[in-house]
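Enquirer: The structure follows.
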Amino acid sequence: MEQNNSIDNQRSEQTALSIIGQLLRGAGQVMFQNSIWTGLFFLCAIFWGAFREGESVVAWGALLGLVTSTVTGYILRLPKTDGAQGLWGFNGILVGCAFPTFLGETPGMWIALVICAAMTVWVRAGFNNVMLPWKVNSFTFPFVFSTWIFLLSARAMQGIPIEDMSSPSLPSHFTSLSTIPPLHLLEYWLKGVSQVFLINSWEAGLLMLIGLAISNRWAAVWAAIGSAIALFCAVALRAAGSDVSEGLYGFSPVLTAIALATVFYKPYWRSGLWALTGIVVTVFVQAAMNIWMQPLGVPTLTGPFCVATWLFLLPRIRLDYQTEIDHSTWDVEHKPHLARKGRQPMSSTN
Amino acid sequence: MEQNNSIDNQRSEQTALSIIGQLLRGAGQVMFQNSIWTGLFFLCAIFWGAFREGESVVAWGALLGLVTSTVTGYILRLPKTDGAQGLWGFNGILVGCAFPTFLGETPGMWIALVICAAMTVWVRAGFNNVMLPWKVNSFTFPFVFSTWIFLLSARAMQGIPIEDMSSPSLPSHFTSLSTIPPLHLLEYWLKGVSQVFLINSWEAGLLMLIGLAISNRWAAVWAAIGSAIALFCAVALRAAGSDVSEGLYGFSPVLTAIALATVFYKPYWRSGLWALTGIVVTVFVQAAMNIWMQPLGVPTLTGPFCVATWLFLLPRIRLDYQTEIDHSTWDVEHKPHLARKGRQPMSSTN
Amino acid sequence: MEQNNSIDNQRSEQTALSIIGQLLRGAGQVMFQNSIWTGLFFLCAIFWGAFREGESVVAWGALLGLVTSTVTGYILRLPKTDGAQGLWGFNGILVGCAFPTFLGETPGMWIALVICAAMTVWVRAGFNNVMLPWKVNSFTFPFVFSTWIFLLSARAMQGIPIEDMSSPSLPSHFTSLSTIPPLHLLEYWLKGVSQVFLINSWEAGLLMLIGLAISNRWAAVWAAIGSAIALFCAVALRAAGSDVSEGLYGFSPVLTAIALATVFYKPYWRSGLWALTGIVVTVFVQAAMNIWMQPLGVPTLTGPFCVATWLFLLPRIRLDYQTEIDHSTWDVEHKPHLARKGRQPMSSTN
């Protein structure tokens, strides 16, 4: 009797641990890392950055979005292997970061956040179905697409008031960056990483790089390279100063860099050159999408990363003499080169 | 000799009846009903509404669009099974409703209407080819896409003058709905149904619900639910008052509701919840597309219904333990649960 | 020893000739002609037109874009059969025409031109992968899509200054064409052809028609018909005068006409009617895309041709009783009816 109780206790503990693990992996998967430690660092970075900015509500939103989307996966009875890798949660946590950042804190906003976070789960299933014939993945586009719908509708509904989005305007003149002290560049560089989670804080960026390094050192290196090169391009091409200084030219190239150099191709000199080209192109895609969406007054989110990375994966170029190219997943079983330090098979609790 | 004559007469009568049947089915298929009675009620509703609004030209346009597109199917020698179900006509009748609603009555407009109605037939064949790998259908998107092309080009060509489209503008402030007397809500609710055919008349909406009930009672119930919930959401979220009072937040959710709850899933508690979620999401998609198209000054048409319904069908969620999910058609033979009162096999003249 | 030398010389001569051949074929493939003579005429027309307009930089840009994209095909080790037919170069030469036309002559522009021309090669491989299930080709859309990215980003980056693009504006009033002397119509008609390469010169248009006739007389005839009918439609529908007089309503229909009447269907009365319909629809698509992109202040490029032609190929209508419809390539081996005067198998140097 007692023994049974203890087994039951053990089991429910294990279930609780496994669910917490799934949530943390969900945070980690935003940057392609199936690791609870990375996820933990990312969550800490979000909380640190959000509280430092005085926007603690963003951190709570992130948590709510993460939980909502993970639960939705169970309700819809989607394949549990996805859930175990945290693939239900990574779009939801981004929804949770975005809503309180751009919208006012009303009950309508919180309801919309929950609907949108849940929606990303089946939208992801749908988009992945669409992209399967081309062997690519929808990445964070379910988050981008669903959030665009709600941010646009906020402009048509007073019940979801807009708090911090630039007004719709026609593209015209812009102010350039004046001379930047080198130390500030360091700050902008790290903000390029933290802005993946819509956090404007260099300390958060540093925490995220550490989190990445725990799971995959190459991912951390390439995230850093991505942000640095994007910053260089944005400054050299004289993009809008405020965007540069808030790291808004950095976050999409960071993701492109990790994807091309470490996830879909093995780290290698040829894939490195491919990733470098990808980083540069992502900067142009970011600038183009900024202009494209300016008349609507809605942010690009991680759209530029998705578009640019698709442009580099769809041709299925063979860089390292693989026999077959399949970019539709970054599952460890399909991509054994990703199974390094900190990445264990699903059954472990790591 | 006489006998032959009488057989010939019978035959040509049968052909005439079969063609009239195809045209009426075309009207019915706008709301997924392969039924001449439903089509007849819809046509009556269009004529009633158009004449009451003093826009009789809309009704004649609907008829012209319906005939043009059905004839085009024969000219292009497309599969006759589609034609027999009225699947050539439903995009054409909508083109015929839209052109005289938004454009001025010039010879150029009528020529453009004929071209556009014909075009929907092969555009539908093309779009269905595109969507076949994903097992979904193009719905009314051929109408939406083709009409967008012509409405946009009307802004660039004086030969097709614009009569009644809102001017292009940047999204900004909007006026909210003031207090609504409950009786008016009833009116708005029924207009949500009639606006599927771009008719702004609650009597037409009522006629359409009756037409739906003749073919499929669940379809009528869900059309009513769709319009009601959409109205509730639009009022609760304080969308633009004029849009709400003309039923412009209702017509897309009506179609989403019929599609999800009665066509692609069997009427059932799980599919009901799925459809309810779909209705709510369609309201947000409608609001988002309103804003998205505001700088162009072109209406969304039934675009929000198409987008939202795709988002709910593409994941191919199994709600009722079907062995295989195929949303690419709503043909009776593929969807036997649709074969109820008023829905007979193609060969009958029903 | 000497003999070896002479063989080596012969070989390097042959390689040089073959590379020059590939470049010229690249120019010819913009209008679907796998012919060095057509390419030569096109290049001469570009140089003639560019120098006459006082925009010699456009001609040098065209050359640079052509070389860059062809070299990129080799670097990425793409299938050499494509390269041998000039299919690496045709997007690149258009990038090279577009950049100096719309952007200011700065080092940033030249670097962007090289990146964009190279990018079209793998973007084309990617887009063709995407479209393969539907048996259509990406045509010049890799050029259109990549160039849009860079032209849009030029509005966000001072390092790539804009020289000659219309300012972003909301679609509103427009000035119509006043009475046109018939002789001018002739000029506008030929400019419709030359604008395929963004050249505003009737002499260049004439040279291009001659170049087309060398490779395929039907292509020349249909290019002429396409430009003429588009001009008639644009005048009859009273489109913006400046657009008409610069041939901007002509270039996309020219390409649609060649594609539908001579490349993807055999020249034939039924395919002729299909092509005529295609030309008219392309005029509307051109007008619609002009309005669609007006708030961004970016030109449509050959986008209307791509969209319209896809709309006519995706339905896979059987006009000439082919057993199977495959529009994914215009390779001579797949389309033997194209193998006429001036079109030889790849191995020849023609």
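Enquirer: If you count, for every residue in A:117-123, the Cβ atoms of partner chains within 10 Å of its Cβ, what is the mean?
Expert: 3
Enquirer: Something else about it: If you take every residue apart from C:Tyr188 with its C-beta less than 11 Å away from the C-beta of C:Tyr188, what net charge results, scoring Lys and Arg +1 and Asp and Glu -1?
Expert: Value of the local net charge: -2.
Enquirer: For a distance above 29 Å, tell me the whole-number percent of Cα pairs in the stretch C:1-145 that qualify.
Expert: Of the Cα pairs, 20 percent sit more than 29 Å apart.
Enquirer: Using the Kirkwood radius built from alpha carbon pairs, what does the Stokes-Einstein equation give as D for the stretch B:147-284 at 4 °C and 1.567 mPa s, in µm² per second?
Expert: Roughly 81 µm²/s, to the nearest whole number.
Enquirer: Among B:Thr300, B:Thr81, B:Thr147, which one shows the highest mean-square fluctuation when chain B is modelled as a Gaussian network with alpha-carbon springs under 10 Å?
Expert: B:Thr81
Enquirer: Beyond a 23 Å Cα-Cα separation, which of these cross-linked pairs lie in this structure: C:Lys80/C:Lys135; A:Lys191/A:Lys266; A:Lys135/A:Lys266; A:Lys80/A:Lys191; B:Lys135/B:Lys191?
Expert: A:Lys191/A:Lys266; A:Lys80/A:Lys191; B:Lys135/B:Lys191
Enquirer: Here's another thing I want to ask about it. Using a 7 Å offset from Cα along the direction of the beta-carbon, what are the separations from C:Gly54 to the same position in each other copy, nm, ascending?
Expert: Spacings between copies for this position, smallest first, are 5.6, 5.6 nm.
Enquirer: Using a Gaussian network model of chain C whose springs link C-alpha atoms within less than 10 Å, name the residue from C:Gly126, C:Gly303, C:Gly250 with the highest mean-square fluctuation.
Expert: Its mean-square fluctuation being the largest, the pick is C:Gly126.
Enquirer: Could you tell me the extents of the stretch C:233-309's C-alpha atoms along the three principal axes, largest first, rounded to whole Å?
Expert: That gives 40, 23, 16 Å along the principal axes, largest extent first.
Enquirer: Can you give me the convex hull volume of the Cα atoms of the stretch B:105-219, divided per residue and expressed in Å³?
Expert: 198
Enquirer: Which trypsin sites (Lys or Arg not before Pro) in the stretch B:31-110 pass both tests, a DSSP loop state and at most 10 other beta-carbon atoms within 10 Å?
Expert: Within the stretch B:31-110, the qualifying trypsin sites (Lys or Arg not before Pro) (loop, at most 10 other Cβ atoms within 10 Å) are B:Arg77.
Enquirer: Rule-of-thumb check for the stretch C:32-84: C-alpha Rg over 2.2 N^0.38 Å?
Expert: Normalised Rg, Cα atoms only: 1.33.
Enquirer: Which whole-Hz ³J(HN,Hα) couplings does the stretch B:33-42 yield from phi under the Karplus relation 6.51 cos²θ - 1.76 cosθ + 1.60, θ = phi - 60°, glycine and proline marked x?
Expert: Values, residue by residue: 9, 8, 8, 6, 5, 4, x, 4, 4, 4 Hz.
Enquirer: Rounded to the nearest 20 Debye, what is the dipole magnitude of the protein assembly as shown about its Cα centre when Lys and Arg each give +1 and Asp and Glu each give -1 at the C-beta?
Expert: 1840
Enquirer: Taking the inverse of the average 1/r across all pairs of different Cα atoms in the stretch C:214-266, what Kirkwood radius in Å do you get?
Expert: Evaluated over the stretch C:214-266, this radius sits at 11.3 Å.
Enquirer: Let me ask something additional. Quick one: Debye curve from the alpha-carbon atoms of the stretch B:1-76 only, equal weights, vacuum; give me log10 I(q)/I(0) at q = 0.17, 0.20, 0.25 Å⁻¹ to two decimals.
Expert: Reported log10 I(q)/I(0), two decimals: -0.73, -0.88, -1.11.
Enquirer: Using only the Cα atoms of chain B, what are the Rg and Dmax in Å?
Expert: Gyration radius and largest Cα-Cα distance of chain B: 19.8, 76 Å.
Enquirer: So the label point sits 7 Å from Cα along the Cα-to-Cβ vector; using that for B:Ser167, what distances do you get to the other copies, in nanometres, sorted shortest first?
Expert: Ordered by increasing distance: 1.8, 1.8 nm.
Enquirer: Could you tell me which residue in chain B puts its beta carbon nearest the axis mapping B onto A, with the distance rounded to whole Å?
Expert: B:Pro295, 3
Enquirer: Sorted from largest down, give the three principal axis spans of the alpha carbons of the protein assembly as shown, whole angstrom values.
Expert: Cα extents, longest axis first: 97, 93, 50 Å.
Enquirer: Let me ask something additional. Taking the highest mean first, how do the peptides A:25-35, B:7-17 order by number of other beta carbon atoms within 10 angstrom per residue?
Expert: By packing density, highest mean first, the sequence is A:25-35, B:7-17.
Enquirer: Okay, moving on. Using the Cα atoms of the stretch C:177-257, I'd like the radius of gyration and the largest Cα-Cα distance, Dmax, both in angstrom.
Expert: Rg then Dmax for the stretch C:177-257, in Å: 11.6, 38.
Enquirer: Then there is this: Taking springs between alpha-carbon atoms closer than 10 angstrom, which of A:Ala84, A:Ala219, A:Ala204 fluctuates most in the Gaussian network model of chain A?
Expert: Among A:Ala84, A:Ala219, A:Ala204, the largest GNM mean-square fluctuation belongs to A:Ala84.
Enquirer: If you place +1 on the Cβ of every Lys and Arg, -1 on the Cβ of every Asp and Glu, and leave all else neutral, what size is the dipole of chain A about its Cα centre, to the nearest 20 Debye?
Expert: My answer is approximately 880 debye.
Enquirer: Leaving ligands, DNA and RNA out of it, report the carbon-plus-sulfur percent of the accessible area of chain C at a 1.4 Å probe.
Expert: C and S fraction of accessible area: 63 percent.
Enquirer: Another question, then. Once phi is turned into θ = phi - 60°, what whole-Hz ³J(HN,Hα) does the Karplus curve with 6.51, -1.76 and 1.60 give for every residue of the stretch C:142-150, x standing for Gly and Pro?
Expert: Values, residue by residue: x, 4, 4, 5, 5, 5, 3, 4, 6 Hz.
Enquirer: Using modelled amide H (1.01 Å from N, peptide plane; none on Pro or chain starts), what sits under 5 Å from the amide H of B:Ile162, excluding residues fewer than 5 places away?
Expert: HN-HN under 5 Å from B:Ile162: B:Gly104.
Enquirer: Next up: Which one of B:Ala230, B:Leu23, B:Ala117 is farthest out on the positive end of the charge dipole of chain B, using unit charges on Cβ (Lys, Arg +1; Asp, Glu -1) and the Cα centre as origin?
Expert: Towards the positive end, the residue furthest out is B:Ala230.
Enquirer: Let me ask something else about it. Amide H of A:Ala240 versus every other amide H placed in the peptide plane: which residues, excluding those fewer than 5 positions away on the same chain, fall under 5 Å?
Expert: none
Enquirer: Kirkwood hydrodynamic radius for the stretch C:271-310: how many Å is it when counted over pairs of different Cα atoms?
Expert: 10.5
The values are calculated or read from the model by the stated rules, or taken from the named source; none is laboratory data. For clarity, every value in this text was computed on a predicted model and none was experimentally measured. Using ideal geometry, Cβ is built from the backbone for each residue, glycine included, and neighbour counts are taken over all protein chains shown. To get the accessible areas, we keep the full protein, side chains included, count just its heavy atoms, and leave off ligands, DNA and RNA. Shrake-Rupley method; radii C 1.70, N 1.55, O 1.52, S 1.80 Å.
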